[in-house]
Amino acid sequence: MSEVTREGGPDRGRYVLDLGDGAQAELTWVAQGDTRVATHTGVPRAHEGRGHASALVAAMVEDAKAEGFRIVPACSYVAVWARRHPGTATHFA
């Protein structure tokens, strides 16, 4: 699996994972004050079930730890991920 990269600016952006053959998995977000609203997580159907979406959320959580923002899980996948990882609860709003 390749490394997750972050694209965008202070107001909106995305976490991206290149999957090969031009395919990408992404988690998009928008800033609202001291939070980032995770709006969408997408993985191409041919690449589902391999942990790509989880890697994207984990990268966002690592940035939340380092930068001090909280994550609002507007995306259903991010909300489920947060429930499955209760040790990260302090990074979610």
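Values in this text are rule-based calculations from the coordinates and carry no lab data. Just so it is clear, the model here is predicted, and its values are computed rather than measured. Note: ideal-geometry Cβ built from the backbone for every residue, glycine included; neighbour counts use all protein chains shown.
Here are the numbers for the structure shown:
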quantity: Pairs with Cβ under 9 Å, 6+ apart, first in the stretch 16-39 and surrounded by fewer than 15 Cβ atoms within 10 Å (Cβ to Cβ), second charged (D, E, K, R) and outside any strand (DSSP E or B); calculated: D18/E3
quantity: So R6, is it touching a residue at least 40 places away in the same chain (Cβ under 8 Å) and either over 11 Å from the mean Cα position of the chain (by Cα) or not in a strand (DSSP E or B) (or both); calculated: no
quantity: Subset of the stretch 43-73 (residues that are small (G, A, S), touching a strand residue (DSSP E or B) at 6+ places or on another chain (Cβ under 9 Å) and surrounded by fewer than 16 Cβ atoms within 10 Å (Cβ to Cβ)); calculated: A46
quantity: Every residue from the stretch 30-48 that is assigned to a loop (DSSP other than H, G, I, E, B) and within 16 Å of the chain's Cα centre (by Cα); calculated: V43, P44, E48
